[in-house]
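Engineer: Sharing a structure with you now.
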Amino acid sequence: MTDQYAVIGNPIGHTKSPLIHGIFANESRQDMSYTAIEGPIEPADAFVSVVRAFAAKGGKGINITAPFKLKAFAMSDECSERAELAGAANALKFENGRIVADNFDGIGLVRDIEVNLHLPMEGKRVLMLGAGGAVRGALLPFLAARPAEMVIANRNIAKGHALATQVSGRGPLVACGYPDLEQMGRFDLVVNATSASLTDDLPPVPPGVFSPQGTAYELAYGKGLTPFLRLARNAGVHGVADGVGMLVEQAAEAFLWWRGVRPSTSAVIDRLSVPLA
Ligand code: ATR
């Protein structure tokens with residue numbers, strides 16, 4: 001029987017996951033289907049019922065997108081350390097009646113930066129803007145890449161400090177507010193992991209954090225030059241990227257986890273990329 005996979009979210013119409021996994025499956029000759037499911041928001045326990053029903057009908061795994069990542073994590077029987085720190089899952093695997101959770105968003109981002117953009121983070125100064133779910137998911141994979149220094153800046157400073165305390169001892173991580181960045185010099189890599197770009201807003205980041213030889217990475221994708229990337233360009237940064245590579249790389253990590261085969265990603269990234277004018 002064809003193995004079944006899906007992505008669940010609400011809304012779900014915009015998802016690229018069936019296209020991405022369809023290409024991966026074709027190319028690696030895997031007998032699998034991958035569909036999109038619009039998950040129920042109400043009542044509160046309906047999401048869990050839909051996922052359990054999918055597994056009961058022979059589903060092997062499912063990707064989770066907004067707003068269900070916390071619920072997916074909470075319903076799992078076991079999880080990876082990075083999913084635990086994020087408190088969120090973007091992929092589940094159904095195995096021998098158990099639900100296993102992982103979170104590939106952060107590792108997908110690290111692979112896009114290090115492998116696709118050829119920017120090893122070891123020894124580099126890295127700044128990440130935000131302290132929400134995206135940053136929680138990325139912290140351990142980023143620290144594992146051994147930057148010389150990693151700073152997270154957030155409007156709500158207490159939220160940033162709480163995160164830094166959670167991973168203390170795992171790497172050189174400092175949390176601060178945006179005004180503090182004025183005294184911190186330039187960074188080799190600045191990642192916008194806030195949700196500001198979704199509303200065309202700009203986090204209050206001082207332009208002095210950018211290094212012209214460095215890279216600015218916007219987690220949002222398909223939006224062209226966001227206010228953050230425009231700020232970076234105006235500060236002289238040539239290397240700007242959006243999150244399309246992260247999207248495809250996190251999918252590839254889930255595919256590898258489910259199927260035991262690593263698909264190639266560059267053609268899919270090219271196909272989904274929107275030019276950063
Ligand atoms: P989730 O956890 O679901 O990803 P979230 O907790 O709302 O979402 O996190 C969104 C992140 O974007 C937060 O770091 C938020 O900053 P605060 O914690 O200070 O609210 C950040 N964010 C959203 N809009 C922003 C803006 N216009 N400027 C700067 N940061 C912004």
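Each value in this text was obtained by applying a stated rule to the coordinates, not by laboratory testing. The shown structure was predicted, so the numbers you read here are calculated from the model rather than taken from an experiment. Positions of Cβ are generated from backbone atoms using ideal geometry, with glycine treated the same way; all protein chains shown enter the neighbour counts.
Engineer: Percent antiparallel among DSSP beta bridges with both residues in the chain, to the nearest 5?
Structural biologist: 20
Engineer: Moving on to the next point. Filter the cross-link list LYS124/LYS223; LYS71/LYS223; LYS69/LYS159; LYS69/LYS223; LYS71/LYS159; LYS93/LYS124 down to pairs whose alpha-carbon distance in this structure exceeds 31 Å.
Structural biologist: On the way: LYS124/LYS223 27 Å; LYS71/LYS223 28 Å; LYS69/LYS159 19 Å; LYS69/LYS223 23 Å; LYS71/LYS159 21 Å; LYS93/LYS124 35 Å.
Table pairs above 31 Å Cα-Cα are LYS93/LYS124.
Engineer: Separate question: Within a 10 angstrom radius of the beta carbon, how do MET150, MET121 rank from fewest other beta carbons to most?
Structural biologist: Fewest-to-most Cβ neighbours within 10 Å comes out as MET121, MET150.
Engineer: What ranking of VAL237, VAL167 emerges when the number of other C-beta atoms within 10 Å of each C-beta is taken as an exposure proxy, fewest first? Each step should come with its number before you reach the end.
Structural biologist: On the way: VAL237 19, VAL167 16.
The order, fewest Cβ neighbours first, is VAL167, VAL237.
Engineer: Could you give the dipole magnitude of the chain about its Cα centre, charging the beta-carbon of Lys and Arg +1 and that of Asp and Glu -1, in debye to the nearest 20?
Structural biologist: Roughly 80 debye for the chain.
Engineer: Ranked highest first by average number of other Cβ atoms within 10 Å, how do 84-95, 28-39 line up? The partial results should precede the final answer.
Structural biologist: Working: 84-95: 22.8, 28-39: 16.2.
Top to bottom by mean Cβ count within 10 Å: 84-95, 28-39.
Engineer: Taking the chain as the reference, fit the longest principal axis to its C-alpha atoms, fit the long axis of helix 157-166 to the helix C-alpha atoms, and give the angle between the two in degrees, 0 to 90, nearest 10.
Structural biologist: Here the helix axis deviates by roughly 60 degrees.
Engineer: Just add up the charged neighbours of ASP270: K/R +1, D/E -1, any other residue whose Cβ is under 15 Å from the Cβ of ASP270.
Structural biologist: Around ASP270, the surrounding residues sum to -2.
Engineer: Now for a separate question. Taking H as built 1.01 Å from N, whose amide H comes closer than 5 Å to the amide H of VAL191, not counting residues under 5 places away?
Structural biologist: Hits under the 5 Å cutoff: LEU127, MET128, LEU129, TYR217.
Engineer: Angle check, please: helix 46-56 long axis (alpha carbons) against the longest principal axis of the chain (alpha carbons), in degrees 0 to 90, nearest 10.
Structural biologist: Roughly 60 degrees, rounded to the nearest 10.
Engineer: How high is the relative contact order of the chain, in percent, counting Cα pairs under 8 Å that sit 6 or more residues apart? Walk me through the numbers on the way to the answer.
Structural biologist: Details: 553 pairs, mean separation 41.6, N = 277.
Value for the chain: 15 percent.
Engineer: Quick one: angle between helix 244-259 and the longest Cα principal axis of the chain, in degrees between 0 and 90, rounded to 10, please.
Structural biologist: Helix 244-259 sits roughly 40 degrees off the main axis of the chain.
Engineer: Give the separation of the Cα centroids, segment 180-204 to segment 14-93, in Å.
Structural biologist: 30
Engineer: Dipole magnitude of segment 106-242 about its Cα centre, charges +1 at Lys/Arg Cβ and -1 at Asp/Glu Cβ only, in debye to the nearest 20? Numbers along the way, then the final one.
Structural biologist: On the way: 12 positive and 11 negative charges, 31 e Å.
The dipole of segment 106-242 has a size of about 160 debye.
Engineer: If you don't mind, another one. Among THR194, THR15, THR265, which one shows the biggest mean-square fluctuation in a GNM of the chain, springs joining Cα atoms closer than 10 Å?
Structural biologist: Maximum fluctuation in the GNM of the chain, among the listed residues, is at THR15.
Engineer: Still on this structure: What length, rounded to one decimal in nm, is gained on full extension from ILE157 through to ASP270, with 0.36 nm per residue of separation minus their alpha-carbon distance?
Structural biologist: Value of the extension gain: 37.0 nm.
Engineer: Which shape class, rounded, prolate or oblate, goes with the chain when its Cα gyration tensor gives a ≥ b ≥ c as root eigenvalues, a/c under 1.5 marks rounded, and past that a/b bigger than b/c marks prolate?
Structural biologist: Note, shape of the chain comes out prolate.
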